[in-house]
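Okay, so here's the structure we're looking at.
Bear in mind these aren't lab numbers, they're just calculated from the coordinates by the rules spelled out. This structure is a prediction, so every number in the text was calculated from the model and none was measured. FYI the Cβ positions are ideal-geometry reconstructions off the backbone, even for glycines, and counts take in every protein chain you see.
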C-alpha cells in the first residue's frame, strides 16, 4: 500500500510536469540593476527634477498652479451638496486613499460597483488612471469623480458657477491662466487639480537604496526584494511607482479543477476592461497604508493579498516565511511626501 | 485498484495547489492597449523619428556618420589578421546574426564560453548590450568584439594605425568629427559604428498592427499574440524591441524533483551576470531568423524554445497547438530594414 502510493506519486509527478521556483539572495548591485532594468527608479527630490519627469506642454507645472490645485482638491463646493471634496476619498495623510472597501460619495452613497478608491499619492507616476486604465492623464481622470452621481455629482457648469461666487478663485484663476479668455473654466479646474496631484509624490528608504545606499535596507528587506523579483511580482509592478502601467488579467490562473474565475467574492460586478478581468496593475508605493486591497477592496490583509497574487498571477505557492519577507520589503515603500516647496 | 488511483490523484491534486492558465482571445484594441502598457510601440519609419528615439548629445546621429559607420562595420582592417569585420557575426541580410551556435572570430576561433552572437538588428532599441547586459550603450559594446582575442583581436592603437593608411578614412573622419583634435581615434571608430547600428531597425506587419491596422495580422496570429500575453512572455519581452531591457533569472524555475539548474546542456560555462543565471532578455523582433537560441545557442528549434521558456519562466505547460500559435505570432515580427535614406 505504502509502496503503491509512492509509485503513484512519482508517476503523477513526472506526468504533471510541475515547475517550482528556486529562490536565492541577490547582492545589492544586482538588486539595483534588476530594478533599473524594469524601469524602477527613485522618486525625484527637487521641484526641477519633478518637472523633468512629469511636465507637459499642455498643462505646465508651476507652483502657483499647484497651490490653486491644492485648494480645489479640498474644496467641497465642487460637490453637489457641498459635502465632499477630492480629499474625502484621497486622504493625503492616510496613504492617499480612504481605507474603505468601496468609495463613498455624496449623501453617503457607496460606489454601486463597489470600487475601491485608489491612492492619489504617486498616481501621477502611472501611465494611466482608474482600475481599468480608462483615463490616460490625471487631467482627464478628474472629470470622473467630479461628475459621477455616486461621488461629487456636480456638472461642469455648476462647478464653475459655485467657484465664481468665491473671490479667491476669480483672482487666482486669472493669475494662473492669464492667457485664457475664460480663466475660471471646468478644464482649468481639472488642470490645476492635476498639477497639485503631480506634486503628491512620496520617497522612502527604498529610494535611498536605489540611489546606492546599501545600509538603509535590512538583510530581511533585501531578501524580500530578491523574492519579490523571483516570484515575478516585479514583472508587472514595474517602473517608478512599482505599478500603474501594465494591463494584466487578474486572476491570470485558476486553481486546477476549480470553475471560479475570481479568487475572492465578486462584489459589484466590476470585471475590469471589456469585462475581461483586465486591470491596471496597482502601484505598490505605500501599499502597506492602503488596505483593503484589490479593485473591490475585498481583502483586508496585505499578507493574504501577497499570497493570492503569487498563486494566481505567478503560479507560485509561497511559504509563510516567504510571504513575511515580501511584506518586509513592501514596508520599505512606505514613504513621506516630498517637500517640493510649493509655498 | 483503479479507484485507489483516482483517490490518490484527487488527494494529490488538492494538496499540491496547482494553478493553471485559462486562455482566451482578446480583440484588437485590447491587444494594442496591453502592448502599449508594456511599452511596446512601432519602430519609427522616418529618420527624424529615429533621431527622436535614439539620438544622444554625446554622439549625435547624422547621415554622414552613419555612412562612415557602415564602411567601418564591414572593414576587415579592424581585425588583427584582416579577415574579420563586425559584419561577419552580424550578417545584416541574415537576421543580424551568424546562425551559428557560438561566435567565430579570427583564425576560426570559437568563443571559449560558447556564447551565441546576438542580432545587431534593433540592438539599438535595447537598454543594455551583451547577454549579461555589461555594456550600457552600443558605443561601449563595440569595444568588446574589436579587442577580444577570440573575435577581432585588435588593440585600439592598431585599429587607428590600420585606418590611417587608407585615405578614405583620413578624409571622412575629419568631415564627420570636425571639432576633434584627433578625428581618427578609437573612440570615434566606435561612435561611428554605433550610429550606423542605430539605423539598423526593422519594421514588420506587427508595427502596422500596433499603428491600428487590424487586417495585417491573421486570426491565428492575433490568437498567438493573446497567448503570448497570457502565458506571461510579454512581461519580460517588453518595450519596443520585445526584449532587450529586463534582467531575469533563466531558468527561473526547476522541474519538481530535478536537480538540474539549466534545462539544456551547460556548454562553455557562461552562467550570466555574477554567475547567477541572470541574463538580459533577448529581443524577439526577427527571432524566427536568429536560430539557434539561448546565450549558448544550444537549441535549434524556435518551437522547442517557446516550450522551454513557458515551462521554466512562466510555469505554464503549453499544448502543441498553443506553441504553434505563439510561433505564428512571432513570425509577424519578421521585419525588413527601414530605409532611413542614409545615402
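To the nearest Å, what is the center-to-center distance of the range A:195-233 and the range B:264-303, using C-alpha atoms only?
That distance is 30 Å.
Hey, quick one: spin label on residue B:180, modelled 7 Å out along Cα-Cβ, who in the range B:126-141 has an amide N within reach, i.e. under 20 Å?
Counting only backbone N, you get B:136-141.
As I understand it, the value is the acute angle between the Cα axis of helix A:28-37 and the longest principal axis of the Cα atoms of chain A; what does it come to in degrees, rounded to 10?
With both axes taken from Cα atoms, the answer is about 60 degrees.
Run the quick spin-label model on residue A:109 and residue B:300: label points 7 Å from Cα toward the beta carbon, then report their separation in nm to one decimal.
Once both label points are built, they end up 6.7 nm from each other.
Give me a single rounded figure for A:275-285: the average over its residues of other chain Cβ atoms within 10 Å of their Cβ. Display every interim value, and only then the final one.
Working: counts 0, 5, 2, 6, 0, 1, 1, 0, 0, 0, 0.
Partner Cβ neighbours, averaged per residue: 1.
Along Cα-to-Cβ, 7 Å out, sits the label point; list in nm, shortest first, how far the one on residue A:134 is from those in the other copies.
Relative to the other copies, residue A:134 has label-point distances of 5.2 nm.
Can you tell me the 0 to 90 degree angle between the C-alpha axis of helix A:63-73 and the longest principal axis of chain A, rounded to 10?
For A:63-73 against chain A, the angle is about 80 degrees.
Could you tell me which of rounded, prolate or oblate describes the range B:243-343, using a ≥ b ≥ c as the square roots of the eigenvalues of the alpha-carbon gyration tensor, with rounded for a/c under 1.5 and, failing that, prolate when a/b is larger than b/c and oblate otherwise?
On the way: a/c = 2.31, a/b = 1.42, b/c = 1.62.
Oblate, since a/c reaches 1.5 and b/c is not below a/b.
Rg over Rh of the range B:187-249, using C-alpha atoms and the Kirkwood radius, what does it come to? Provide the component values of the computation, followed by the final result.
Details: Rg = 15.9 Å, Rh = 14.2 Å.
Expressed as Rg/Rh, it is 1.12.
Please label the shape of the protein assembly as shown as rounded, prolate or oblate, based on the square roots a ≥ b ≥ c of the eigenvalues of the alpha-carbon gyration tensor (a/c under 1.5 means rounded; beyond that, a/b larger than b/c means prolate, else oblate). It would help to have the intermediate numbers written out before the result.
Details: a/c = 2.04, a/b = 1.22, b/c = 1.67.
It is oblate, given that a/c is not under 1.5 and a/b is not larger than b/c.
For peptide B:17-27, what's the mean number of Cβ atoms from other chains within 10 Å of each residue's Cβ?
On the way: counts 5, 10, 16, 7, 5, 7, 1, 3, 1, 5, 2.
That average works out to 6.
From the label point of residue B:288, set 7 Å along Cα to the beta carbon, how far off in nm is each other copy's matching point, shortest first?
Distances to the matching label points in the other copies: 5.0 nm.
With chain B treated as a Gaussian network of Cα nodes joined by springs under 10 Å, which of B:50, B:325, B:242 yields the largest mean-square fluctuation?
B:50
Write down, largest first, the equivalent ellipsoid semi-axes of the range B:81-129 in whole Å, where each equals the square root of 5 times an eigenvalue of the alpha-carbon gyration tensor.
Three semi-axes, in Å: 19, 13, 10.
Provide Rg and Dmax in Å for the range A:58-113, with only Cα atoms included in the calculation.
Calculated on Cα positions, Rg and Dmax stand at 13.2, 37 Å.
With a point put 7 Å past each Cα toward its Cβ, work out how far residue A:155 is from residue B:41 in nm, to one decimal.
Placing both labels 7 Å beyond Cα along the Cβ direction yields 3.9 nm.
Which FRET efficiency value, to the nearest 0.05, is calculated for residue A:216 and residue B:52 with the Förster distance at 51 angstrom and r the Cβ-Cβ distance?
Working: r = 37 Å, r/R0 = 0.73.
The calculated FRET efficiency here is 0.85.
Does the range B:225-295 come out rounded, prolate or oblate by the C-alpha gyration tensor, with a ≥ b ≥ c the root eigenvalues, rounded set by a/c under 1.5 and, if not, prolate when a/b is larger than b/c and oblate if not?
Values: a/c = 1.77, a/b = 1.44, b/c = 1.23.
Verdict is prolate for the range B:225-295.
Order these by the 10 Å Cβ neighbour count, fewest first: B:114, A:90. Each step should come with its number before you reach the end.
Values: B:114 19, A:90 23.
Fewest-to-most Cβ neighbours within 10 Å comes out as B:114, A:90.
Residue B:27 versus residue B:334, label points 7 Å from Cα toward the beta carbon: distance in nm?
3.1 nm
Share of antiparallel DSSP beta bridges in chain A, in percent to the nearest 5?
Numbers: 9 of 10 bridges.
Approximately 90 percent, going by the DSSP bridge assignments.
What are the principal axis extents of the Cα atoms in chain A, in Å, biggest first?
The principal-axis extents, from largest down, are 86, 45, 28 Å.
Taking residue B:211 in one copy and the same position in all the others, each labelled 7 Å out along Cα→Cβ, what are the pairwise distances from the first, in nm, shortest first?
Counterpart label points of residue B:211 in the remaining copies fall at 4.3 nm.
Share of antiparallel DSSP beta bridges in the protein assembly as shown, in percent to the nearest 5?
Values: 24 of 26 bridges.
Of all bridge pairs located within the protein assembly as shown, approximately 90 percent are antiparallel.
For peptide A:229-236, how many partner chain Cβ atoms fall within 10 Å of a residue's Cβ, on average?
Shielding by partners across A:229-236 averages 5.
Add -39500 (n - 2.57) for each DSSP H run of 4 or more in chain B, then divide by its residues: what number comes out at 222 nm, to the nearest 500 deg cm²/dmol?
Values: 15 runs with 131 residues, N = 343.
Value at 222 nm, helices only, nearest 500: -10500 deg cm²/dmol.
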